[in-house]
1. For a Förster distance of 30 Å, can you work out the FRET efficiency between the beta-carbons of Ser139 and Leu5, rounded to the nearest 0.05?
2. Return a whole-number percent for the relative contact order of the stretch 4-202, with Cα pairs under 8 Å and 6 or more residues apart as the contact set.
3. Give me Leu10, Leu41, Leu109 sorted ascending by neighbouring Cβ count inside 10 Å, so fewest comes first.
4. Starting from the Cα-Cα distance between Arg122 and Ser42, subtract it from 0.36 nm times their residue separation and give me the gain in nm to one decimal.
5. If you take every DSSP beta bridge fully contained in the stretch 4-202, what fraction is antiparallel? Give it as a percent rounded to 5.
6. Order these by the 10 Å Cβ neighbour count, fewest first: Phe38, Phe15.
7. Any idea what angle helix 27-49 forms with the longest principal axis of the chain, computed on alpha-carbon atoms, 0 to 90 degrees, nearest 10?
8. Please rank Trp182, Trp90, fewest neighbouring Cβ atoms within 10 Å first, as an exposure proxy.
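Derivation of every value follows stated rules applied to the coordinates shown; laboratory data play no part. Everything quoted here is computed from the prediction, not taken from an experiment. Neighbour counts are summed over all protein chains in view; Cβ atoms, including those assigned to glycine, are modelled from backbone coordinates with ideal geometry.
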Amino acid sequence: MAKVLPVASLWTKIFCEYYYGQQEQSFARRASEVAYFFTMLSSAVSAVSEDDSLCVAAVDQEGGKAVRCGIAARRLTQTTRGGHFGDDDWNDVLARGELGLTGGDDLALLYLWNFGVDCECRNRGIATGVMRWLEERASSGDIPCGQVDALGLLVYRTNRPAISLYEKLGYRVVERYVDPRWQRQAERGNTGVERKLLMVKPLCGQQVSTL
């Protein structure tokens, strides 16, 4: 629990820098920062307090032990996917369409719902190291929420640096997935909503098709 506040602060900082830039200090930014911090705080608390979730933080040992990277993840199954994935996405795109699980096994997906690295510490291999650390433990079941078949995450389509990183780590875009929020707005003629892509990396010998 000691890292909950620093992780929430880091996620908030990354969010505001992504949308407003590093220099802008407008009232709109400050208002968004306050609101988003409490959202991220709730997310971090949930990740460390629920049995099916976890929160990983990378700490700078030489910089006052500041948190430089944070990931929140949740183990999702057919019965616990909640509001993260709808029936069509889970059943047709993931469980049967993309991962091709056999034997009637229920898909267990480690869904990374928050991930970010401090802008001052990027391009140092921190993100790669943390992602690989998590993948190794997820493959062996050495995480609090248990073993999973695959890792998955959502990323903005315009975030090319992040997409490139995930592709190098073996993640692939699930082409059949359509961001439901973006689709709803697009059907109303609102093209200002950024579209998210779903990227998945299978574990434990599972195969993935991106077509």
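1. Working: r = 31 Å, r/R0 = 1.02.
So the FRET efficiency works out to roughly 0.45.
2. Numbers: 276 pairs, mean separation 36.8, N = 199.
Value for the stretch 4-202: 19 percent.
3. Values: Leu10 24, Leu41 17, Leu109 27.
Fewest-to-most Cβ neighbours within 10 Å comes out as Leu41, Leu10, Leu109.
4. 26.3 nm
5. Numbers: 25 of 29 bridges.
Counting DSSP beta bridges with both partners in the stretch 4-202, the antiparallel share is about 85 percent.
6. Details: Phe38 11, Phe15 18.
Least crowded to most crowded, the residues run Phe38, Phe15.
7. Tilt relative to the chain: about 50 degrees.
8. On the way: Trp182 16, Trp90 19.
Lowest count first: Trp182, Trp90.
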